[in-house]
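What follows is a single structure, written as structure tokens, with notes after it.
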């Protein structure tokens, strides 16, 4: 390689390689060093003021649509049970009586009541919703949060770009994008960032001395073996060490919040996770996921849904209050979704079973047109009868909200092309 090229700094090298790629290969280079090529151009307009951050609230287990955002008060009791409905801050929009806090914010949000899928098994359906692709044994697809980070890069370089709370380490992550796009997994939101202080007896001087020795060993290793994953993990370690000495580490410390604020979100893991999501978003984290489990209600559906919606309603209402008061809602897209719905007809165990044929989601902030209901199911909630929307359409809508290029193909290590939208069509009517 000519010495003049070797002397280029990182931005210079990237610009040079991007120019070569465009001129010789007809592809472009995006953040993260991945090559991309244009797909079938559907002439979709790009949002003029896209959202910058996402808080992704995932209802694990399959949230019942009839008992939350798509109640059917006129249906027979074997479908609706004894559930009532309430008015909201949006004219003509009624939702479950279990969600009074969210009802206050309906003027800021949009409900999608026509989601549908063919995937009714938990693991496969969770994977599909979070990645936009069917689960395969030969490849791991990136989470939607990783796609956003791939295209938009980090806002605060001292903090991770993607954080996953209460979701477990087996959740969908970076996929074939590689370690640089893996989420930081937080198991206990109220405990701060674990392993972020020195061991007892190790002061700054000793820590820096050990790091210097480790860097020397790494240098020798990398000199013999050019492995991108090894380089990525070394970079992640260096970033973690930098964060340990940064004031940005305080973003993970919920003890900095007033007791009444923590109480507003709820003294449960999901509520505290939503509070942590707000703190991280405010500090410049691009993508945060918070999970709430317990929605697999094959038995005693109404008792369990009432317990879960109390947690959800308190936390989400506090989050929307907080984001709005701090001026963060316009730039932050809040997404609430699940893997599938529950059977409209109540089973013999007073429960509802898996039902991918119809389910609901909720969007707020990030330029979403408030007070909107998109799509409609029939009188018993068994199937969409107006504006049906697939999971690919839903994720394309989220991607559109961030101004991502929906048709641009990125290539996996096996040279297979993928797009963030996976042929989905965004619902642009949901945006103001």
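If we scan segment 82-104, do we find a residue that is out of contact with any helix residue (DSSP H, G or I) (no Cβ under 8 Å at 6 or more places or on another chain), within 30 Å of residue 418 (Cβ to Cβ) and at pLDDT 95 or above?
Initially, segment 82-104 is screened for residues out of contact with any helix residue (DSSP H, G or I) (no Cβ under 8 Å at 6 or more places or on another chain), giving 84-85, 91-92, 94, 97, 103.
Keeping just the survivors that are within 30 Å of residue 418 (Cβ to Cβ) gives none.
No, there is no match, as no residue in segment 82-104 is out of contact with any helix residue (DSSP H, G or I) (no Cβ under 8 Å at 6 or more places or on another chain), within 30 Å of residue 418 (Cβ to Cβ) and at pLDDT 95 or above.
Just the residues that are in contact with a helix residue (DSSP H, G or I) (Cβ under 9 Å, 6 or more places away or on another chain) and on the phi < 0 side of the Ramachandran plot, please, taken from segment 366-389.
368, 369, 370, 372, 374, 379, 380, 382, 389
When you go through 316, 276, 292, 312 one by one, which is the residue that is farther than 30 Å from residue 153 by Cβ, buried (at least 24 other Cβ atoms within 10 Å of the Cβ), within 17 Å of the chain's Cα centre (by Cα) and touching a residue at least 12 places away in the same chain (Cβ under 8 Å)? Before you say what the answer is, go through the steps one by one.
Working: 316 fails: farther than 30 Å from residue 153 by Cβ; 276 fails: farther than 30 Å from residue 153 by Cβ; 292 fails: farther than 30 Å from residue 153 by Cβ.
When all the criteria are applied, what remains is 312.
Check segment 280-302 and report whether any residue there is out of contact with any helix residue (DSSP H, G or I) (no Cβ under 9 Å at 6 or more places or on another chain) and part of a helix (DSSP H, G or I). Spell out the reasoning first.
If we filter segment 280-302 for residues that are out of contact with any helix residue (DSSP H, G or I) (no Cβ under 9 Å at 6 or more places or on another chain), which is where we start, we get 298-302.
Add one more test, that the residue is part of a helix (DSSP H, G or I), and what stays is 301-302.
So far as segment 280-302 goes, yes, one or more of its residues are out of contact with any helix residue (DSSP H, G or I) (no Cβ under 9 Å at 6 or more places or on another chain) and part of a helix (DSSP H, G or I).
For residue 64, work out the one condition from (1) in contact with a helix residue (DSSP H, G or I) (Cβ under 9 Å, 6 or more places away or on another chain); (2) at pLDDT 95 or above; (3) over 24 Å from residue 385 (Cα atoms) it doesn't fulfil.
(3)
Between a first residue in segment 147-166 that is on the phi > 0 side of the Ramachandran plot and a second residue that is in a loop (DSSP other than H, G, I, E, B), which pairs have beta carbons less than 6 Å apart while being 6 or more apart in sequence or on different chains?
Hits for this filter: 153/31.
Tell me, which residue of segment 127-154 that is out of contact with any strand residue (DSSP E or B) (no Cβ under 8 Å at 6 or more places or on another chain) and in a helix (DSSP H, G or I) is farthest from residue 57 (Cα to Cα)?
So, considering only residues that are out of contact with any strand residue (DSSP E or B) (no Cβ under 8 Å at 6 or more places or on another chain) and in a helix (DSSP H, G or I), the one farthest from residue 57 (Cα to Cα) is 152.
Taking residue 172, is it within 16 Å of the chain's Cα centre (by Cα) and at pLDDT 95 or above?
On the way: within 16 Å of the chain's Cα centre (by Cα): yes; at pLDDT 95 or above: no.
Answer is no for this residue.
Collect the residues in segment 155-188 that are outside any loop (DSSP other than H, G, I, E, B) and over 22 Å from residue 283 (Cβ atoms), keeping them in residue-number order. Give the steps one after another, and end with the answer.
Of segment 155-188, the ones outside any loop (DSSP other than H, G, I, E, B) are 162-165, 175-177, 179-181, 184-186.
175, 176, 177, 179, listed by residue number.
Report, by residue number, each residue of segment 46-78 that is over 18 Å from residue 97 (Cα atoms) and free of Cβ contacts under 8 Å to residues at least 60 places away in the same chain.
Once the filter is applied, which keeps residues that are over 18 Å from residue 97 (Cα atoms) and free of Cβ contacts under 8 Å to residues at least 60 places away in the same chain, segment 46-78 yields only 48.
Could you tell me whether any residue of segment 257-271 is touching a helix residue (DSSP H, G or I) at 6+ places or on another chain (Cβ under 6 Å), under 17 Å from residue 69 (Cα atoms) and buried (at least 17 other Cβ atoms within 10 Å of the Cβ)?
Here is the first cut: in segment 257-271, the residues touching a helix residue (DSSP H, G or I) at 6+ places or on another chain (Cβ under 6 Å) are 264-266, 268, 270-271.
With the extra rule that they be under 17 Å from residue 69 (Cα atoms), the set shrinks to none.
No - not one qualifying residue is present in segment 257-271.
Is it fair to say residue 211 is modelled with pLDDT under 95, surrounded by fewer than 12 Cβ atoms within 10 Å (Cβ to Cβ) and not in a loop (DSSP other than H, G, I, E, B)? Give the steps one after another, and end with the answer.
On the way: modelled with pLDDT under 95: yes; surrounded by fewer than 12 Cβ atoms within 10 Å (Cβ to Cβ): no; not in a loop (DSSP other than H, G, I, E, B): yes.
In short, no.
The values are calculated or read from the model by the stated rules, or taken from the named source; none is laboratory data. It should be emphasised that the depicted structure is a prediction, and the values quoted were computed from it without experimental measurement. All Cβ positions, even for glycine, are placed from backbone atoms using ideal geometry, and neighbour counts span all protein chains on display.
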